[in-house]
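S.K.: Got a structure for you, questions after.
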Amino acid sequence: MTLSRRGLLQTGIGAFSLAMTTHKARADEPIRIGFLTVKTGPLAAGGIQMEQGMVLFLKERGNKLAGRDVKLIVADTAGSPATTRTKAQELVERDKAHVLIGPLAAFEALAIADYTTAQKIPTLGVAAAEDMTQRMASPWFVRGTASSAQCAHTMAFYAATELKYKRICVIGDDFAYGHEQNAGFQRVFEDNGGRVVQKLWPPLNAPDYGTYISQIKSNVDAVFMSFAGSNGFKFTKAYFEYGLGGKIPLLGGMTAMDEAILQQTGDDAVGVLTANWYSAQYDSPENKAFVAGMQRDYKVDPGYYAAGPAVEAAVLEAAMKTVGGDIDDRAALMKAIRTNLVPNTVRGPVRFDAGGQAVGNVYIRRAEKKGSKIVNAVIKTYPDVSQYWTYPEKEFLAQPPYSRDFPVARYLEN
Amino acid sequence: MQFWIVQGLNSLAMGGLLFLLSAGFSLIFGLLRIPNLAHGALFMLGAYFGAALLGEQVNFWLAALLSGAGVGMIGVVLEAVLLRRLAGNEQGQVLVTLGVAFIIADICLLAWGGDPMPLGAPRSLRPPVFIAGFAFPGYRLVVLGFALATALLLWLLLERTRLGAMIRAGVDDREMARSVGIPVSRLFSAVFFLGAFLAGVGGVIGGPILSAYPGLDADMLPLALVVVILGGVGSLPGALVGSLIVGLIYNFGSALFPDFAYVVLFLPMVVMLVVKPTGLFGRVLR
Amino acid sequence: MTARQVGCWLLVIAALAAVPFVLPSAFYLGIATHALIFAILALSLNILIGHGGMTSLGHAVYLGVPAYACAVLSMQAGWAPLPTILASLAIGTATSALFGILALRASGLGFLMITLALGQVMWGAAYRWVGLTGGDNGIRLSGRPHLFGIDLAEVLPFYVLVAAVLVGALFCLWQLDRSAFGACLRGTRDQPRRMRMLGHDVWRIRWVAFIASGFWGSVAGVLYCYDYQYVSPAALSLPQSAETLLMVVLGGAGTLAGPVAGAIIITIIKTVVSSYVDRWYSLLGLTFILVVSVMPRGLIPGLANWMRGKRA
């Protein structure tokens, strides 16, 4: 009886009053959010920003979500899948976390996916691995940020239809995240009349991009780069050293020209177009407050890694309100997370599709000088972008996942 | 044709960078028999020092010198306090130097945060040079020249000066050198200073290409090992030739066989070591 | 066995049996399980370092290759657990037989570099051979198997299995140490030339040691695969190799207890201490430095010396 009523009244007063009766006994206890991030080693840059974004979000709410105190438990995965699993167990079994947010990297998220599903722990992810919300979707997992290709699809559409580019070279880190972005870019670009004529794959730990940059064809309309971490910064620098900067336009995926590396890249960044589900320049009261807070506390503009947890936390907060603060009924909480439309996260409105992937705005951003600093100015907004782009979900999922070799590049010129 | 010229230049430039990275490692290993696994971390520390100094508007070459001196002093302390007592205990040296590398990496993360820090080359060296109609970054040629000059200076120091003769004597037979009045432990400090100094300077000179970022240490250490092994342990000309060969293998390998980019350095190295375990110029490895 | 040795073994078994009762929760028992698996891995590397005097910086190969074999055979080929395990051990051991032939062309630093290079080649292959390994996304297992009617999914049975394997490994390595072969191996470490003069085939002795090391590493690799139920290139990485080497050297190469102690200490710092100390990475480095400064030959030999000194 309870269940059917809850099914009917998905949100609002009904569920609220119902939940009030069950959770009263524990209402004085804080909600425990387990936060998986990387604080040591080479991946720590993004991991530290994740923590900053999360801490700021909670601080601005007086460490309360939906009227209940929050205890944030931060665990350092050290960027190792084995440690990530141990830390997830620690958060769930020892610290009795109610929900998990994180971790940073795809291989970390995949290392704990089965565990969090088996434990029925609501997990709000940041890592982009496509299949986590597609062919291996879990009822206990959602991602308020984006799948690898979600923003690359959008960039490709913009490049083909607005910029009228015909021939593009794609370059990206030679691992799953780079493969998935470039594959998504290629598919949408070619379906809209463009051609990917060259693909380059530098290894993730390439000491230098000179070898690859000097292979870029001189007769392409643009280069699309899908780098992560500091690689976008290193690539762009070298691109200018080799005299290509300003000659062949640079396009990028969601982490290629992140706010975290924008100032360091300096004038070389100006003019680079990237697609992302977030921009520190996105004009909304929530985001303005968030950016001001990051500036005040950490002296930086938030980017992908800081904004991700802020989106996830806003999704969690909305769901907490829906279930009236009763975090112990995990099934109800998860249902609220998946069915709510959250209107005002720092990235704009967010809702989830059946796979648990956020559907929301994707911004085309151009790096521009604004006073003494460089910002990713929003030049076009694509609303309601799905991880499947405009392809039917069934057809999309029936195909193999995006990879280095799928979809097949028919127009390569070598 | 253009492909071969540009990739050839890329290879040479990278070889120069690799020599700056590995000269100090080769020196310390060859002369003192200490496998200094903190070398990558010292190189990274040099790059961070350089980035910090350049941020304060210090002249580029002065910043390189100051960073080298700073890292060199750290090397001296490392040798005097920790490594001197472990002479001959190779496993202990591995443990200590890796421990120091962990600490340096963690301190850099704490001090400078995780975001990459750029090191700008001097403005006059930045513009691309046009060779036969295509652009090549001028600074990379400067790095190559700097590496060659460093190699020459080091060779002169070791082979043509009194200090160099004393160092070689101390290395060949420690007790004998001591008995003829050569201050061996001070000499060893000097060698360690020089090795660490080279790492620090290399970090700054290589900075405009590599920049300073967490993980630079772990990216660089295997490269230094490859160079030194390929060229032969403790041989300065070997380190130079090894650097250039690694530059060639890396650039042409990853351009011609893109599918093997991840193993393009180590697969040839396995083959070479299996065929000639002493390296190209090395003595027997013990 | 002397009475004292029997006493030692009983003590080890009693200590391992007491762990589940002493630890406050299943979570900590899980960490103990991780630590013991790495203890087996460190013990396997110790055959090379401690007994053979060959410092390898590529031992992650014998963790990662059988772990991948185990994951691929059970998930993609759909094999039953027992054949999967046996085949994985065979694949790991065969890899060591092959790589031993290559690496033993050199000794000393050359050996270290060949093992490092082979490790990097395997890591690169795991990263790029996406069709087989899943690349950087790795392979997920669908759970732990039932073995001989025991469900290993629970923490306690799996711990018992790992502890039993560890005791088995300790016993075998103890026997190896006492055997004629162990004496020969130490001979090749200390006096390779004399061993050659005495008519021993130094190369063959080292090669057999390399294979034995690969076999016990593979045992750890299969357990690792079932423990974490996820394999990715991290299992084959240089940091994993370096960490294994550090475990052996920290505890004391050439001893039985040393690698176990090293594995336990490093695992505890990485997983437990890191929850309380933000700069645990520095603490780990500091631990290495302190131990070597006080006890240059590692923890266990240092403690043994100290006890002897007290008694005298």
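S.K.: Every residue in segment C:109-161 that is assigned to a loop (DSSP other than H, G, I, E, B), touching a Ser or Thr at 6+ places or on another chain (Cβ under 7 Å) and either buried (at least 22 other Cβ atoms within 10 Å of the Cβ) or free of Cβ contacts under 8 Å to residues at least 40 places away in the same chain (or both), please.
M.R.: Of everything in segment C:109-161, just one residue is assigned to a loop (DSSP other than H, G, I, E, B), touching a Ser or Thr at 6+ places or on another chain (Cβ under 7 Å) and either buried (at least 22 other Cβ atoms within 10 Å of the Cβ) or free of Cβ contacts under 8 Å to residues at least 40 places away in the same chain (or both), namely C:GLY138.
S.K.: I'm told A:VAL315 meets every condition in (1) touching a Phe, Trp or Tyr at 6+ places or on another chain (Cβ under 6 Å); (2) part of a helix (DSSP H, G or I) except one. Can you identify the failing condition by its number?
M.R.: In the conditions (1) touching a Phe, Trp or Tyr at 6+ places or on another chain (Cβ under 6 Å); (2) part of a helix (DSSP H, G or I), A:VAL315 misses (1) alone.
S.K.: Among (1) surrounded by fewer than 23 Cβ atoms within 10 Å (Cβ to Cβ); (2) at pLDDT 95 or above; (3) of a type in the set (D, E, K, R), which single condition is A:GLU180 missing?
M.R.: Evaluating A:GLU180 over (1) surrounded by fewer than 23 Cβ atoms within 10 Å (Cβ to Cβ); (2) at pLDDT 95 or above; (3) of a type in the set (D, E, K, R) leaves (1) as the failure.
S.K.: Of all the residues that make up segment B:262-283, how many are surrounded by fewer than 22 Cβ atoms within 10 Å (Cβ to Cβ), closer than 15 Å to B:ILE249 by Cα, at the interface with another protein chain (Cβ under 8 Å from one of its Cβ atoms) and in contact (Cβ under 8 Å) with a residue 40 or more places away in the chain?
M.R.: Qualifying residue count for the region: 0.
S.K.: Sticking with this structure for a sec: I'm trying to understand the selection: among the residues of segment C:49-75, which are out of contact with any strand residue (DSSP E or B) (no Cβ under 8 Å at 6 or more places or on another chain), assigned to a helix (DSSP H, G or I) and at pLDDT below 95?
M.R.: C:ILE49, C:GLY50, C:HIS51, C:SER74
S.K.: Using beta carbons and a limit of 6 Å, which pairs, at least six apart or on different chains, have the first residue in segment A:28-50 and at the interface with chain B (Cβ under 9 Å from one of its Cβ atoms) and the second one basic (Lys, Arg) and part of a loop (DSSP other than H, G, I, E, B)?
M.R.: Pairs that qualify, where the first residue is at the interface with chain B (Cβ under 9 Å from one of its Cβ atoms) and the partner is basic (Lys, Arg) and part of a loop (DSSP other than H, G, I, E, B), are A:GLY47/A:LYS39.
S.K.: Can you find even one residue in segment A:385-403 that is surrounded by 12 or more Cβ atoms within 10 Å (Cβ to Cβ), within 14 Å of another protein chain (Cβ to nearest Cβ) and outside any loop (DSSP other than H, G, I, E, B)?
M.R.: No, because not a single residue in segment A:385-403 is surrounded by 12 or more Cβ atoms within 10 Å (Cβ to Cβ), within 14 Å of another protein chain (Cβ to nearest Cβ) and outside any loop (DSSP other than H, G, I, E, B).
S.K.: Out of (1) touching a strand residue (DSSP E or B) at 6+ places or on another chain (Cβ under 7 Å); (2) crowded, with 24+ Cβ neighbours inside 10 Å, the odd one out for A:ASP258 is which?
M.R.: For A:ASP258, the failing item is (1).
S.K.: Test each condition in (1) part of a strand (DSSP E or B); (2) away from chain C (no Cβ under 14 Å) for A:LEU58 and report the one that comes out false.
M.R.: (1)
S.K.: What number goes with the only condition from (1) surrounded by fewer than 20 Cβ atoms within 10 Å (Cβ to Cβ); (2) at pLDDT 95 or above that A:TYR158 does not pass?
M.R.: Going through the list (1) surrounded by fewer than 20 Cβ atoms within 10 Å (Cβ to Cβ); (2) at pLDDT 95 or above, A:TYR158 breaks only (1).
S.K.: Touching a helix residue (DSSP H, G or I) at 6+ places or on another chain (Cβ under 9 Å), under 28 Å from A:ARG135 (Cα atoms) and either more than 10 Å from every other protein chain (Cβ to nearest Cβ) or in a helix (DSSP H, G or I) (or both): does that describe C:ALA164?
M.R.: no
S.K.: Here are some residues: B:LEU141, B:LEU119, B:LEU110. Which one is within 30 Å of A:GLN49 (Cβ to Cβ), in contact with a helix residue (DSSP H, G or I) (Cβ under 9 Å, 6 or more places away or on another chain), within 14 Å of another protein chain (Cβ to nearest Cβ) and touching a residue at least 12 places away in the same chain (Cβ under 8 Å)?
M.R.: Just a single option satisfies the conditions, and that option is B:LEU119.
S.K.: Just checking, does segment A:276-293 include any residue being over 15 Å from the mean Cα position of the chain (by Cα), of a type in the set (A, V, I, L, M, F, W, C) and closer than 27 Å to B:GLY120 by Cβ? Walk me through it before giving the result.
M.R.: Of segment A:276-293, the ones over 15 Å from the mean Cα position of the chain (by Cα) are A:281-293.
Narrowing the set further to residues that are of a type in the set (A, V, I, L, M, F, W, C) leaves A:289-292.
If we keep only those that are closer than 27 Å to B:GLY120 by Cβ too, we end up with none.
Among the residues of segment A:276-293, not one is over 15 Å from the mean Cα position of the chain (by Cα), of a type in the set (A, V, I, L, M, F, W, C) and closer than 27 Å to B:GLY120 by Cβ, which makes the answer no.
S.K.: So, of the residues in segment A:231-264 that are over 17 Å from the mean Cα position of the chain (by Cα) and of a type in the set (Ser, Thr, Tyr), which turns out to be nearest to B:PRO214 (Cα to Cα)?
M.R.: A:THR236
S.K.: Next question. Give me the residue from segment B:236-259 that is more than 8 Å from every other protein chain (Cβ to nearest Cβ), surrounded by fewer than 17 Cβ atoms within 10 Å (Cβ to Cβ) and free of Cβ contacts under 8 Å to residues at least 24 places away in the same chain and, out of that set, farthest from A:SER214 (Cα to Cα).
M.R.: B:PHE257
S.K.: Residue by residue through segment A:79-115, note down the ones that are facing chain C (nearest Cβ under 10 Å), part of a loop (DSSP other than H, G, I, E, B) and under 18 Å from the mean Cα position of the chain (by Cα).
M.R.: Within segment A:79-115, A:GLY79, A:ALA105 qualify.
S.K.: Applying the selection to segment A:380-404, what residues are within 27 Å of A:LEU163 (Cα to Cα) and either without any contact (Cβ under 8 Å) to a residue 60 or more places away in the chain or aromatic (Phe, Trp, Tyr) (or both)?
M.R.: Scanning segment A:380-404 gives A:THR381, A:TYR382, A:PRO383, A:ASP384, A:TYR388, A:TRP389, A:THR390, A:TYR391, A:PRO392, A:PHE396, A:TYR402.
S.K.: Collect the residues in segment A:116-153 that are farther than 17 Å from A:TYR305 by Cα and in a loop (DSSP other than H, G, I, E, B), keeping them in residue-number order.
M.R.: A:LYS120, A:ILE121, A:PRO122, A:GLN134, A:ARG135, A:MET136, A:ALA137, A:SER138, A:PRO139, A:TRP140 - these are the residues of segment A:116-153 that are farther than 17 Å from A:TYR305 by Cα and in a loop (DSSP other than H, G, I, E, B).
S.K.: Same structure, new question: Looking at segment A:200-217, which of its residues are more than 9 Å from chain B (Cβ to nearest Cβ) and either touching a strand residue (DSSP E or B) at 6+ places or on another chain (Cβ under 8 Å) or without any contact (Cβ under 8 Å) to a residue 24 or more places away in the chain (or both)?
M.R.: Selection gives A:ILE216, A:LYS217.
S.K.: Across segment C:280-308, which residue is nearest to C:LYS270 (Cα to Cα) among those that are more than 9 Å from every other protein chain (Cβ to nearest Cβ) and among the β-branched types (Val, Ile, Thr)?
M.R.: So the residue we want is C:ILE300.
S.K.: Do we have any residue at all in segment B:201-222 that's within 8 Å of another protein chain (Cβ to nearest Cβ), within 23 Å of B:VAL94 (Cα to Cα), surrounded by 24 or more Cβ atoms within 10 Å (Cβ to Cβ) and in contact (Cβ under 8 Å) with a residue 60 or more places away in the chain?
M.R.: Taking every residue of segment B:201-222 in turn, at least one turns out to be within 8 Å of another protein chain (Cβ to nearest Cβ), within 23 Å of B:VAL94 (Cα to Cα), surrounded by 24 or more Cβ atoms within 10 Å (Cβ to Cβ) and in contact (Cβ under 8 Å) with a residue 60 or more places away in the chain.
S.K.: Can you name the number of the only condition in (1) in contact (Cβ under 8 Å) with a residue 24 or more places away in the chain; (2) within 12 Å of another protein chain (Cβ to nearest Cβ); (3) on the phi < 0 side of the Ramachandran plot; (4) in contact with a Lys or Arg (Cβ under 7 Å, 6 or more places away or on another chain) that C:GLY53 fails?
M.R.: It is condition (3) that C:GLY53 fails.
S.K.: Just to be sure I understand, how many residues within segment B:122-162 are buried (at least 18 other Cβ atoms within 10 Å of the Cβ), in a strand (DSSP E or B) and of a type in the set (A, V, I, L, M, F, W, C)?
M.R.: So the count comes out to 1.
S.K.: What number goes with the only condition from (1) assigned to a strand (DSSP E or B); (2) over 23 Å from C:SER25 (Cα atoms) that A:LEU72 does not pass?
M.R.: Answer for A:LEU72: the failing condition is (2).
S.K.: Just checking, does segment B:83-103 include any residue being within 13 Å of chain A (Cβ to nearest Cβ), modelled with pLDDT of 95 or more and surrounded by fewer than 24 Cβ atoms within 10 Å (Cβ to Cβ)?
M.R.: yes
S.K.: Given the options A:PHE235, A:PHE224, name the one that is in contact (Cβ under 8 Å) with a residue 24 or more places away in the chain and over 22 Å from A:LEU43 (Cβ atoms).
M.R.: A:PHE224
The values are calculated or read from the model by the stated rules, or taken from the named source; none is laboratory data. For clarity, every value in this text was computed on a predicted model and none was experimentally measured. Ideal geometry is used to build each Cβ from the backbone, glycine not excepted, and the neighbour counts take in all protein chains shown.
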